[in-house]
Amino acid sequence: MVSRTVRLPFEMNERIKAEAAAREVNYSDVLRDWLAIGAAATAVQTQGDDMVSRAEVQRVMALALALASVHPLQKRPA
């Protein structure tokens, strides 16, 4: 794993913390899941383009957050 520092809006941070608590997993697990969803959606939408606009990344992250709210990923097995 690689460690990264990311600045998030306060509201997004709170949503991630709440989702982690609800799933009984750590913050990083939720963030990795949501980033994977966003990356997959971006890969499909860019269809091989190398450059992606910041607005597109924000749109995909909003989609990932919405999808996670509708169908949250399962908590980690005990």
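Remark: the ARG4-ALA62 segment gains 18.8 nm on full extension, using 0.36 nm per residue and subtracting the alpha carbon distance. Applied to the range 9-16, the Karplus parametrisation 6.51 cos²θ - 1.76 cosθ + 1.60 on θ = phi - 60° returns per-residue 3J(HN,Hα) values of x, 3, 4, 5, 4, 5, 5, 5 Hz, with x for Gly and Pro.
A simple count of charges around ALA62, restricted to other residues whose Cβ falls under 14 Å of its Cβ and scoring Lys, Arg +1 and Asp, Glu -1, yields +1.
Just so you know, all these numbers are worked out from the coordinates, no wet-lab data involved. Just so you know, these numbers come straight off a predicted model, no measurement behind them. Using ideal geometry, Cβ is built from the backbone for each residue, glycine included, and neighbour counts are taken over all protein chains shown.
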